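What follows is one structure encoded as structure tokens, with my remarks underneath.
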Amino acid sequence: ITVRGTAFEKAGDGGSASVEAVSGSGDAGLSSFVGAEIAKLERPELTSAKIIVSGGRALKDSDTFQQTIFPLADKLGAAVGASRAAVDAGYVPNDYQVGQTGKIVAPELYVAIG
């Protein structure tokens, strides 16, 4: 299940749904948790950022993307995002992709460049 954090109003108090205990069959031994690799960023997390500066393929290469987008994001205290085309072209890692098959965002300010 995926729930967009900013898509729903807070539920009211009360409610009439019943709560029922259920039992599961337990671990079938068919899968196991191997580990988690969490990216550590100096900027705000893209999905919860109030400000996002995002770049596209028109920035032409990774160096131009970084020279244009990152300083502006630093000045604004913003997260960095990128279009799918910019990610596919290798300008930035896919963690930065916004929209469609990337991350869903709902910032107060979204600056899209090229």
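The values are calculated or read from the model by the stated rules, or taken from the named source; none is laboratory data. Quick caveat, the model's predicted, so the values are computed rather than measured. Cβ coordinates were reconstructed from backbone atoms using ideal geometry, including for glycine residues, and neighbour counts include every protein chain displayed. Note: accessible area is taken over every heavy atom of the protein model, side chains too, but ligands, DNA and RNA are not part of it. Shrake-Rupley method; radii C 1.70, N 1.55, O 1.52, S 1.80 Å.
Listed values, structure above:
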{"read-out": "Test: residue in the stretch 76-87 that is of a type in the set (S, T, Y), in contact with a strand residue (DSSP E or B) (Cβ under 8 Å, 6 or more places away or on another chain) and farther than 14 Å from L46 by Cβ", "value": "no"}
{"read-out": "Identity of the residue in the stretch 26-45, open to solvent by 70 Å² or more (accessible area, probe 1.4 Å) and among the charged types (D, E, K, R), that ends up farthest from E108 (Cα to Cα)", "value": "D27"}
{"read-out": "Residue identified as modelled with pLDDT of 80 or more and open to solvent by 100 Å² or more (accessible area, probe 1.4 Å) among S54, S48, S23, S18", "value": "S23"}
{"read-out": "Matching option when the condition is modelled with pLDDT of 95 or more and open to solvent by 50 Å² or more (accessible area, probe 1.4 Å), among D63, D74, D95", "value": "D63"}
{"read-out": "Search result, residues across the stretch 77-92 that are within 15 Å of K50 (Cβ to Cβ) and exposed (fewer than 12 other Cβ atoms within 10 Å of the Cβ)", "value": "G77"}
{"read-out": "Any chance A39 is at pLDDT below 95, in a loop (DSSP other than H, G, I, E, B) and more than 23 Å from K103 (Cβ to Cβ)", "value": "no"}
